[in-house]
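The values are calculated or read from the model by the stated rules, or taken from the named source; none is laboratory data. The structure presented is a predicted model; accordingly, all values stated were derived computationally and were not measured. Don't worry about glycine lacking a Cβ; one is built from the backbone with ideal geometry, like all the others, and counts go over all protein chains shown.
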Amino acid sequence: MALRGGFGVGLTVLGLSCSGGNPPPETVSLVPTNYATAFTQVRGCRSTIEHASAITANGIVTNIRVLINPSAAAAYLANAAALPVGTVVIKEESDAVDCSHVTAWSVNVKEAPGYDPSHHDWHWQRVLAGTNTVLEDGIVNRCIACHTDSECLPMNRDLMCTVP
């Protein structure tokens, strides 16, 4: 009986691999190609430990610069309690103290209500610069953990944890 079950699984796997179906599409980067010139800088280059990762040269401190799409910049700069649907926040992560060498991006996109209501409908993504490889996407618990901690929430800025 065990042999028959294993044989059936083998046929199922073989059938799936030969079905002609397309593999699921790769996750697409949410970083707009023109963001560096089209977006508004809302936070200048600064050192941070929040975005420390193995992607940086030293793995301990990353420098970040924050940019936002123009249609949401006024709300962000006014410390709005809620940013509009369609807001795109880009955190350039750099291993250079002047943020001149981008190694990765953290991206937040404000989706339509219902995407993830318990986390303000933010879509989170982390993208490796150079290759545009998506490292994390969607409801990313690592990002959410920081943006919903006890220091961030009292700011009442739609999970934006720093002021401009």
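Listed by first and then second residue, the pairs linking a residue in region 77-90 that is small (Gly, Ala, Ser) to a residue that is part of a loop (DSSP other than H, G, I, E, B) and at pLDDT 95 or above, with Cβ atoms under 8 Å apart and 6 or more places separating them unless they lie on different chains, are Gly86/Asn69. Just so you know, in region 62-76 the residues that are more than 16 Å from Pro32 (Cβ to Cβ) and out of contact with any strand residue (DSSP E or B) (no Cβ under 6 Å at 6 or more places or on another chain) include one that is surrounded by the most Cβ atoms within 10 Å (Cβ to Cβ), and it is Ala75.
Listed here are the residues, each with its yes/no results for (1) more than 17 Å from Leu30 (Cα to Cα); (2) at pLDDT below 90; (3) touching a strand residue (DSSP E or B) at 6+ places or on another chain (Cβ under 8 Å).
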{"position": "Lys91", "(1), (2), (3)": "no, no, yes"}
{"position": "Val102", "(1), (2), (3)": "no, no, yes"}
{"position": "Pro117", "(1), (2), (3)": "yes, no, no"}
{"position": "Trp122", "(1), (2), (3)": "no, no, yes"}
{"position": "Met160", "(1), (2), (3)": "yes, yes, yes"}
{"position": "Val163", "(1), (2), (3)": "yes, yes, no"}
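For region 93-110, the set of residues classified as more than 22 Å from Leu83 (Cα to Cα), out of contact with any Asp or Glu (no Cβ under 7 Å at 6 or more places or on another chain) and surrounded by 15 or more Cβ atoms within 10 Å (Cβ to Cβ) consists of Glu93, Ser94, Asp95, listed by residue number. When region 124-158 is filtered for residues that are touching a strand residue (DSSP E or B) at 6+ places or on another chain (Cβ under 9 Å) and hydrophobic (A, V, I, L, M, F, W, C), the ones remaining, listed by number, are Trp124, Val127, Leu128, Ala129, Val134, Leu135, Ile139, Val140, Cys143, Ile144. If you go through region 111-133 and keep only what is within 23 Å of Cys45 (Cα to Cα), surrounded by 15 or more Cβ atoms within 10 Å (Cβ to Cβ) and in contact (Cβ under 8 Å) with a residue 40 or more places away in the chain, you end up with Gln125, Val127, Leu128.
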